[in-house]
Ligand code: SF4
């Protein structure tokens, strides 16, 4: 699974880090993805992506 955040689009709302702290972390008001999230984290990553107000999170299985 590949999870990416479009840093240019991210508005730093922290919703993804709140929804899935094992996958996303805020650094300097931008969300970053922790290294190599595995398939078992897909549902949480997808939930965070759905909550992102600017659709900055992309997930590929
Ligand atoms: S939910 Fe979206 S806009 Fe908010 S911090 Fe995460 S990536 Fe950025």
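For residue 22, state whether it is near the ligand (Cβ under 9 Å from one of its atoms), exposed (fewer than 14 other Cβ atoms within 10 Å of the Cβ) and not in a strand (DSSP E or B). No: the conditions fail for residue 22. If you check residue 3 against the conditions, is it within 11 Å of the ligand (Cβ to nearest atom), touching a helix residue (DSSP H, G or I) at 6+ places or on another chain (Cβ under 8 Å) and not in a helix (DSSP H, G or I)? When the stated conditions are applied, residue 3 passes them. For segment 35-55, which positions are surrounded by 14 or more Cβ atoms within 10 Å (Cβ to Cβ) and away from the ligand (no atom under 12 Å from the Cβ)? Matches in segment 35-55: 37, 41, 42, 44, 46.
Is it fair to say residue 11 is over 9 Å from the mean Cα position of the chain (by Cα) and either farther than 20 Å from residue 61 by Cβ or more than 8 Å from the ligand (Cβ to nearest atom) (or both)? Here the answer is yes, as residue 11 does meet what is asked.
Residue-by-condition table, conditions (1) at pLDDT below 95; (2) part of a loop (DSSP other than H, G, I, E, B):
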{"site": "13", "(1), (2)": "no, yes"}
{"site": "35", "(1), (2)": "yes, yes"}
{"site": "54", "(1), (2)": "no, yes"}
{"site": "59", "(1), (2)": "no, no"}
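The values are calculated or read from the model by the stated rules, or taken from the named source; none is laboratory data. A quick note: this is a predicted structure, and the numbers were derived from the prediction, not measured. Note that we place each Cβ from the backbone using ideal geometry, even for glycine, and neighbour counts take in every protein chain shown.
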